[in-house]
Every structure is written in structure tokens, then in C-alpha cells.
1. The conditions are (1) more than 19 Å from the chain's Cα centre (by Cα); (2) among the hydrophobic types (A, V, I, L, M, F, W, C); (3) not assigned by TED's automatic domain parsing to the domain that holds Tyr82, and Ile256 fails exactly one of them. Which is it?
2. Six or more apart or on different chains, Cβ under 7 Å: which pairs go from a residue in the range 210-221 that's at pLDDT below 90 to one that's β-branched (Val, Ile, Thr)? Could you list them?
3. How many residues does the range 177-198 contain that are closer than 14 Å to Ile88 by Cβ and small (Gly, Ala, Ser)?
4. For the range 227-282, what are the residues that are of a type in the set (Val, Ile, Thr) and in contact (Cβ under 8 Å) with a residue 40 or more places away in the chain?
5. Does Ser320 satisfy the criteria of being surrounded by fewer than 16 Cβ atoms within 10 Å (Cβ to Cβ), closer than 20 Å to Ala249 by Cβ and of a type in the set (Gly, Ala, Ser)?
6. Tell me which helices (runs of 4 or more DSSP H) are completely within the range 7-66 and hold 2 or more residues being under 13 Å from Asn129 (Cβ atoms), of a type in the set (D, E, K, R) and touching a residue at least 24 places away in the same chain (Cβ under 8 Å), or say none if there are none.
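The values are calculated or read from the model by the stated rules, or taken from the named source; none is laboratory data. The structure presented is a predicted model; accordingly, all values stated were derived computationally and were not measured. Don't worry about glycine lacking a Cβ; one is built from the backbone with ideal geometry, like all the others, and counts go over all protein chains shown.
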Amino acid sequence: MNPKLLTKAVQEYIDANLKADVNHIALAKSKFDGISSSELAGQILSKKKAEKKLPRWFHTPGIYYPSALSIEQTSSEITASYKSKLAIGHSLIDLTGGFGIDANYFAKQVDTVTHCEINSELSEIAAHNANILESNNIEFKAVDGMEFIKSTSQRYDTIYVDPARRASMGKVFMLKDCTPDVSSNLDLLLKKSGRLLIKTAPLLDITAGLNELKQVSEIHIVSVKNECKELLWVINHDFTDEPKIFAAALNETEKIFSFKKSESHINLKYAENLSTFKYLYEPDTALLKSGAFNLIGERYHLVKLHPQTQLYASNIINNSFPGRIFEILQQLTTTDLRKATNLTGNIIVRNYPAKPEDLSKKYKIKSAQDQFLIFTKTGGNENIILSARIIQHY
């Protein structure tokens, strides 16, 4: 951490060059003594990446930024705020603290937070920023969090850990392929806490996770603007019941769909014909990750199009639905498409034997802001095309 980067002149330079070419800055001669061009470029690039993801950090003077990779890997503020509400008690330890976004939000919920980060420079950066942000109830330790929790006699109300995939691994679908190895140290972590909160990548299979873990009380599937960001596993050492699953869509408003797996095993009628329906519903990705496809229809009083088509129809608008809602304007045939001129609409393909790019090329379809062409299938295995207008975004 180079403190010279925090001087007024350098900070003004960084702010003035947020739209500049960082590669050009990195290759040019530095304008400041004791600061390399690569350091300047690194601060600019990281701050640019933080603008939408970390608005509080971006708009606070005096923030020191780590590498762009650290910004990419850290939680966003919106997801950190959500997970902070899952902490219990007065004390929390973050075993994999990183840039400190989660720790800062946990500090709003509990009395004391311990931030562990094995990278000493990143630990120093996180501590500096916490001071700037006046998060004064966080203690920073430049240590391996798992080794620290093994050696300490202290017990915490909540332990939080964000295991990363091992460098040698590609896409990770199981916890045993991550570090720190939570599954092998589960008994220790439960002994040292009242609640264990684990963040994993959204690719992790829920069934596989339940097989690796025990005493899981809640699973939170968190998405932002229809992109699944993370899975959160809540483990309580005295829990023996069936876990509850939460699909949380975090957009302008927070919409949460919760259920127990045993509730999802229900039968549902499928739409043989869409001519009597006015609206089409498309679930948010968090809802889809939950696998509660039939339960979605029952809860929101919707008719599912097809067993393998995760779209639903209705004659009413329910704005509490986590996902997009379309007004069905017209049902079309491929003949209609071939005859049409100046065909416009954003293409959605669900359980239809063609790719969006091929359909766009074949029928010369141009994109449009609020108009859609939805290629899908009904319960009678009929391929259909719907012209629709979006009336609710994610």
C-alpha cells in the first residue's frame, strides 16, 4: 500500500482520469514522485470497476483500491447488505475478509466484527478504508482465517466464510474443490459458532451442497438484475429440520420467494392453448435456480406452458412476481414471420428448436426496446411464437 496515492493531488488526478485509457496511463511517465504509472493506472481501473458495484466506496474521498481482480471478486454492496441480515448475535468473524465489503455491512448488524485476510497488503487496505468509512467496530487481522479459528479459544455468534475455487480447478460445483475446505472443518466451525454462514458461487449444485454439509437451515439464492450472484448457506449447530430455500431477486425492489423442498412436489396443469391468456410470466434466474417450477405456478396462480418450458401464463398482473411480465399481443406462425417486413422484437427462446441468432438471421428480425418475439412450446407440444410487450422488468 503506497500512502502517496492518497495525497490530494493524486486523488484529483485519479478522479479526473476515470474515463481515460488506463493502458496509455500505465505506459506513460508518472506525473508523481514515488508513484509508478502502473500504480496510477491500477487505482483508476479499480475505481472505475467500483462505480456501480460499490457506490458508497466510489463516492467516498480517500478510498484506497486493491487490484481490479479483487474488485471483481468482492461482493457487491447490494448482496453484502442482503447477507448482513443473516448474521446473528453480537460477534462475527469473517474468515476470508478480502477487500472488506461484507465485513463493513456485517458491522452495521453486530457489535464486533473480526476481519481475517491472509494477504497483508489487502488487510491493510481494508483497514484503511474502514477507518475512512467510520466502521470502527471491525478488528483487522492479517492471518489465515481458518488457522486463526483453529487456534483461538474464542467463540463467535456468527462465522462467515467465502471459499474460493482452488487455482488448479476450473468451474467448481462442489465445496470440497474450494479453499478453505469448509466441509472437512465443519465440526470445528460449528463448535466455534452459533451460526455458520457460507457464501459459494452460484454454479454450486444445491443437492451436492446439502450432501457435503449438515444442519443447513436456510439456502439463499441471490440474483441481481437476473444474474445469479451467489448462494448463501446458513448452518445452525442445533438445527435438525428441513432447510428452507429463499430465491432473492435484488433489483429496484427486493422480491423473495421462499419454500421447503417438500412443498415443491406438486402437480400442475399445463397450457394447451394460449389464446385465452393476456400475460406471460418469465421467472428471475434465482427462482429458476431454486427448481420450484410447479410451486411458482401455484403460488402466483399461473398456468405453466409446458413441463420443460419455464414460462407461465395468466389473465392478471401480479407485480410481486420476481421476474418479467409481458402482455401477449398476438400469436404468430412461421408463415407470418416469413411474410412480414421490418420485423422487430427482442428474441426470447424457451424450449424451441432454434437458436436466437439463427432466428434473427432467418426472419431478418431487428431488435426493439420494449417489443419481444417469444419462441416457445405449449403443453400440447406445439411450437408457438408470441408477439409481446414488456410491462414489468426484472
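1. (1)
2. Hits for this filter: zero, empty list.
3. 2
4. Val234, Ile235, Ile245, Ile256
5. Details: surrounded by fewer than 16 Cβ atoms within 10 Å (Cβ to Cβ): yes; closer than 20 Å to Ala249 by Cβ: yes; of a type in the set (Gly, Ala, Ser): yes.
Yes; evaluated as a whole, the condition is true for this residue.
6. Values: elements: 8-16, 22-27, 37-53, 55-58.
Once the helices (runs of 4 or more DSSP H) in the range 7-66 are filtered for at least 2 residues that are under 13 Å from Asn129 (Cβ atoms), of a type in the set (D, E, K, R) and touching a residue at least 24 places away in the same chain (Cβ under 8 Å), nothing remains.
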